[in-house]
Amino acid sequence: MKILKERILKDGKCYPGGILKVDKFINHQMDPNLMKDIAVEFIRRFASSNVNKILTIEASGIAPAIMMGFLLNLPVVFAKKKKPNTMENMLSTTVSSFTKQRQYNVIISYLTPNDKVLFIDDFLAYGNAAKGIIELIEQSGAELVGMGFIIEKAFQDGGRYLRNKGIHVESLAIIESLDNCEIKLREE
Ligand code: 5GP
């Protein structure tokens, strides 16, 4: 997605340890016009999939997911990282965090065996969040129809793992390397 890749090169910042900071336009300050374009591109790429629910994980997946839900008139559910006292009938699993280097629980309700779910998130790195989501979807009996990521870091193996499982994965910008703090994007 050209406009996203240009924005990553303009406003993205590289940190040691293979971390890309995009908090000027995606996950702290957010650009709603870019977010709408991202949602439209995900909709185009998953047009052949039969989806009835958009699923994401808090916090950074919520913006693109709600844009898609709005445009497709579909409900959006986000997996929570803290259990509210009032939450009932929930499913839970454990995820290792790449950026925070710790483990956390993810909790969700509102997934049913009738659901055909598209998962959306900001980053795909090692795929730990995605693995947790797959586990929750399996527990619920719902069907996973695809996983869409705004940015995939191809040098961290999540993408390969998910595609090897036969999952339809779409990433709108793929980073080949962040070596020497230089952002190298995959040409399409
Ligand atoms: P994974 O679970 O695939 O290893 O990592 C994905 C999660 O970690 C994303 O939801 C995202 O919040 C965070 N993450 C992974 N890599 C990066 C990165 O380079 N920059 C930022 N800002 N977040 C990242």
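The lysines within cross-link reach of Lys82, meaning a Cα-to-Cα straight distance under 21 Å and a gap of 8 or more places when in the same chain, are Lys100, Lys131.
Farthest toward the positive end of the dipole of the chain, out of Leu74, Leu136, Asn50, is the Cα of Leu136, where the dipole comes from beta carbon charges about the Cα centre.
Structure note, pairs Lys80/Lys116; Lys21/Lys116; Lys36/Lys80: Cα-Cα distances above 26 angstrom occur for Lys21/Lys116.
Dipole magnitude for the chain: computed about the Cα centre from +1 point charges on Lys and Arg Cβ and -1 point charges on Asp and Glu Cβ, it is near 260 debye.
With both labels modelled 7 Å from their Cα along Cα-to-Cβ, the Asn114 to Glu58 distance reads 2.7 nm. Taking the DSSP beta bridges with both ends in the chain, the antiparallel portion is around 35 percent.
For the set Arg44, Arg7, Arg102, the ranking by accessible area, highest first and with no ligand, DNA or RNA atoms included, is Arg44, Arg102, Arg7 under a 1.4 Å probe. Please find the FRET efficiency linking Glu6 to Phe70, where r is the Cβ-Cβ separation and R0 is fixed at 25 Å, and quote it to the nearest 0.05. In this case the efficiency is close to 0.50. If you take the square roots of the eigenvalues of the alpha-carbon gyration tensor of the range 64-105 and sort them as a ≥ b ≥ c, do you get rounded (a/c under 1.5), prolate (a/b over b/c) or oblate? Oblate.
Compute the acute angle (0 to 90°) between the alpha-carbon long axis of helix 128-140 and the principal axis of greatest extent of the alpha-carbon atoms of the chain; round to the nearest 10°. Taking Cα atoms only, the helix is inclined about 20 degrees. Normalised Debye scattering of the range 1-93 at q = 0.18, 0.21, 0.22, 0.26 Å⁻¹ gives log10 I(q)/I(0) of -0.94, -1.11, -1.15, -1.31, counting only Cα atoms as equal scatterers and leaving out solvent. In the chain, the longest principal axis of the Cα atoms and the axis of helix 62-72 are about 70 degrees apart. Taking every protein chain into account, the 1.4 Å probe leaves Asp179 with about 100 Å² of accessible area, to the nearest ten.
Please list, by residue number, everything in the range 129-143 whose backbone N is under 20 Å from a paramagnetic label point 7 Å out along Cα→Cβ of Met90. It comes to 129-142, nothing else. The DSSP beta bridges internal to the range 91-155 are antiparallel in roughly 45% of cases. Among Tyr15, Tyr104, the order of accessible area from largest down is Tyr15, Tyr104, computed with a 1.4 Å probe on protein heavy atoms.
The residues Leu4, Leu144, sorted by heavy-atom accessible surface at 1.4 Å with ligands and nucleic acids left out, run Leu144, Leu4 from largest to smallest.
Calculated mean residue ellipticity at 222 nm for the chain: -9000 deg cm²/dmol, from DSSP H runs with n ≥ 4 weighted as -39500 (n - 2.57), summed, divided by the residue count and rounded to 500.
With 5 Å bins beginning at zero, the pair-distance distribution over Cα atoms of the chain amounts to 1, 8, 17, 21, 22, 16, 9, 4, 1, 0 %.
The values are calculated or read from the model by the stated rules, or taken from the named source; none is laboratory data. If you're wondering where the values come from, they're calculated on a predicted model, not measured in any experiment. Glycine also receives a Cβ, built like all others from the backbone with ideal geometry; neighbour counts cover every protein chain displayed. Ligands, DNA and RNA are stripped out before the accessible areas are found, and what is left, the full protein with its side chains, is counted by its heavy atoms. Shrake-Rupley method; radii C 1.70, N 1.55, O 1.52, S 1.80 Å.
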